[in-house]
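Only one structure is covered here, and it is reproduced in the block below.
The values are calculated or read from the model by the stated rules, or taken from the named source; none is laboratory data. Not measured: the values here are computed from a predicted model. Note that we place each Cβ from the backbone using ideal geometry, even for glycine, and neighbour counts take in every protein chain shown. SASA here: full protein model, heavy atoms, side chains in, ligands and nucleic acids out. Shrake-Rupley method; radii C 1.70, N 1.55, O 1.52, S 1.80 Å.
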Amino acid sequence: MMRFTSVLLTLFLFLLLHRGSFPKKATAATHPDIVDETCRRIADDDPNVNYTFCTQVLRSVSKSKRADLRGLAIISLKLAKANATHAKSRVKALLKEKLLSTYRKSCLQTCRELYSDAASSFRNSVKPIKSGRYADAKVYISSAVDAPGECEDSFQEGDITSPLTKVNYDLFQLAVIALAITSRLG
């Protein structure tokens, strides 16, 4: 028993004394600005990605500082899902307004449906990313990218101003960011 304790003590002292000489594992935590680098790369590759929006929204989540690329994809999807859910709530409130024209009400109902489908698509894309099935995730995300534009188009076709333009811009940005990051995974 004494010999075993002696071996453990020696091993402990060796590790303690030489801990700085072992190479550190390459992780996102050692990468000081993965958000900046990722947003710059995807903005360079995709003209739809707004670099400033990308960095601001990803940095708003504290976990992004320690994330790898897969982690950033999941973070961006969770942000997109939350935004789509918020957009759906916004529409619900707008539908409660009095004196809604039939056409405006129809546009809002269309948008609510689009946002609901987008939220489901974002939610359904997380599991494939976690399991390395990036092509499957891209299919889900791609199905949600057009939702904000389709919502805006419904208002424009009736020549009325959309009350959701900012919401749709944000949702579109989050969708293209999530798609671009996922595309970089494979």
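Observations, loosely collected:
- Filter result for Ser121 (of a type in the set (Ser, Thr, Tyr), closer than 19 Å to Gly71 by Cα and open to solvent by less than 60 Å² (accessible area, probe 1.4 Å)): yes
- Selection status of Glu113, surrounded by fewer than 23 Cβ atoms within 10 Å (Cβ to Cβ) and closer than 27 Å to Cys39 by Cβ: no
- Pairs with Cβ under 8 Å, 6+ apart, first in segment 122-133 and more than 22 Å from Asp146 (Cβ to Cβ), second open to solvent by 10 Å² or more (accessible area, probe 1.4 Å) and assigned to a helix (DSSP H, G or I): Lys130/Arg70; Lys130/Ile74
- Close pairs from segment 65-76: first in contact (Cβ under 8 Å) with a residue 24 or more places away in the chain, partner among the polar types (S, T, N, Q), Cβ under 6 Å, at least 6 apart: Leu72/Thr38; Ala73/Thr182
- Of everything in segment 135-173 that is of a type in the set (Asp, Glu) and over 15 Å from the mean Cα position of the chain (by Cα), the residue that is surrounded by the most Cβ atoms within 10 Å (Cβ to Cβ) is Glu152.
- Cβ pairs under 6 Å, 6+ apart, first in segment 151-179 and assigned to a loop (DSSP other than H, G, I, E, B), second open to solvent by 40 Å² or more (accessible area, probe 1.4 Å): Gly158/Tyr103
- The number of residues in segment 23-63 being among the small types (Gly, Ala, Ser) and at pLDDT 95 or above comes to 2.
- Check on Ile74, modelled with pLDDT of 95 or more, under 12 Å from the mean Cα position of the chain (by Cα) and part of a helix (DSSP H, G or I): yes
- Per the listing Arg70, Arg90, the residue uniquely in contact with a Leu (Cβ under 8 Å, 6 or more places away or on another chain), farther than 21 Å from Cys151 by Cβ and either among the β-branched types (Val, Ile, Thr) or open to solvent by 20 Å² or more (accessible area, probe 1.4 Å) (or both) is Arg70.
- Within segment 46-67, being assigned to a helix (DSSP H, G or I) and either surrounded by 12 or more Cβ atoms within 10 Å (Cβ to Cβ) or among the aromatic types (Phe, Trp, Tyr) (or both) holds for Tyr51, Phe53, Cys54, Thr55, Gln56, Val57, Leu58, Arg59, Lys63, Ser64, Lys65, Arg66.
- In segment 177-186, the qualifying residues are those that are open to solvent by 10 Å² or more (accessible area, probe 1.4 Å) and not basic (Lys, Arg), and the one that is farthest from the chain's Cα centre (by Cα) is Gly186.
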